[in-house]
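Some notes on the structure that comes next.
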Amino acid sequence: MPEPMVPAQPPEAPLAEIAGIYSQANAWAAPGQWITALHMGPEHCVLATGQNPAEQPSVVLTLALGTQKTARDFFCASLPTPLELETAIASVEDEVYAAYVRHRQWVPEGATSLLCSTDLALHDLATLAGIPEGHARLLSLDAMERLFNRLAAVAQGSPAAHQGLPASPAFAAALLVLRELMHHMPFAAITLLDGAGGSVDRAQ
């Protein structure tokens, strides 16, 4: 494998922040397990993947898929229309696929990586999905998809209050980005650990 690649980070997601999430995830995971730390900021997502907590992550990827940016780029109101949701999915898929191609250059064939985050906005998604509070909350792909289906129902006209969802473009963007990351990287679940997500906006 080539030497670890650590590109320059955008101002709102410094390497020290994602490194802190990565370190916490490694402390929680089993020895030798591949870990991917996720930080979802207003303008970018950052993914840091590696296997050895004593070393820097093997790869750090920055995606132009922040909660505010995605909402600003695709959603004109508090919640998306069906067409806006469809357009956003197509664009986010393209960005995630490009990240997947780069990510797989560093993770061995057949290996899986445990996705972890401490971001408050993602904890909010877990709460909306009915995941109990705890030190390590597991939001599965199926539970996330059921939550996304509730958002899709709102886009089709169901009142947000009836679905138990906030009327928030940042919430919709965070859920959409997480869905595409989990589907296409892919990750079967995300483990949400205690800790502050720093500059991440809460889905309010």
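Here's a check for you: in region 18-36, which residue that is surrounded by 23 or more Cβ atoms within 10 Å (Cβ to Cβ) and either among the hydrophobic types (A, V, I, L, M, F, W, C) or free of Cβ contacts under 8 Å to residues at least 24 places away in the same chain (or both) is nearest to Arg179 (Cα to Cα)?
That would be Ile35.
Counting only residues that are within 24 Å of Leu83 (Cβ to Cβ), give me the helices (runs of 4 or more DSSP H) lying completely in region 97-204 with at least 3 of them.
Hits in region 97-204: 141-155, 160-163, 169-184.
Based on what the data block shows, is His44 under 29 Å from Asp194 (Cα atoms) and open to solvent by 40 Å² or more (accessible area, probe 1.4 Å)?
Considered against the rule, which asks whether it is under 29 Å from Asp194 (Cα atoms) and open to solvent by 40 Å² or more (accessible area, probe 1.4 Å), His44 comes out as yes.
I need the full set of residues from region 92-111 which are out of contact with any helix residue (DSSP H, G or I) (no Cβ under 7 Å at 6 or more places or on another chain) and either touching a residue at least 12 places away in the same chain (Cβ under 8 Å) or open to solvent by less than 60 Å² (accessible area, probe 1.4 Å) (or both), in order please.
If the condition is that a residue be out of contact with any helix residue (DSSP H, G or I) (no Cβ under 7 Å at 6 or more places or on another chain) and either touching a residue at least 12 places away in the same chain (Cβ under 8 Å) or open to solvent by less than 60 Å² (accessible area, probe 1.4 Å) (or both), then Glu95, Ala98, Ala99, Arg102, His103, Gln105, Trp106, Val107, Pro108, Ala111 are the ones that fit.
Quick one: count up the residues across region 37-59 that are under 16 Å from Val107 (Cα atoms) and not in a strand (DSSP E or B).
Number satisfying all stated conditions: 7.
If the Cβ limit is 8 Å and pairs must be 6+ apart or interchain, which residue in region 37-54 that is farther than 17 Å from Tyr100 by Cα pairs with which residue that is of a type in the set (Lys, Arg)?
Pro42/Lys69; Glu43/Lys69
Condition check: of a type in the set (Val, Ile, Thr) and surrounded by 17 or more Cβ atoms within 10 Å (Cβ to Cβ). Does Thr118 satisfy that?
Answer is yes for this residue.
Applying the selection to region 80-91, what residues are surrounded by fewer than 21 Cβ atoms within 10 Å (Cβ to Cβ), more than 18 Å from the chain's Cα centre (by Cα) and either touching a residue at least 60 places away in the same chain (Cβ under 8 Å) or assigned to a loop (DSSP other than H, G, I, E, B) (or both)?
Across region 80-91, the qualifying residues are Thr81, Pro82, Glu84.
Kindly indicate whether any position in region 177-194 is touching a Pro at 6+ places or on another chain (Cβ under 9 Å) and buried (at least 18 other Cβ atoms within 10 Å of the Cβ).
no
The values are calculated or read from the model by the stated rules, or taken from the named source; none is laboratory data. Just so you know, these numbers come straight off a predicted model, no measurement behind them. Neighbour counts run over all protein chains shown; Cβ positions are idealised from the backbone, glycine included. We work out accessible area using only protein heavy atoms, side chains counted, and drop any ligands, DNA or RNA first. Shrake-Rupley method; radii C 1.70, N 1.55, O 1.52, S 1.80 Å.
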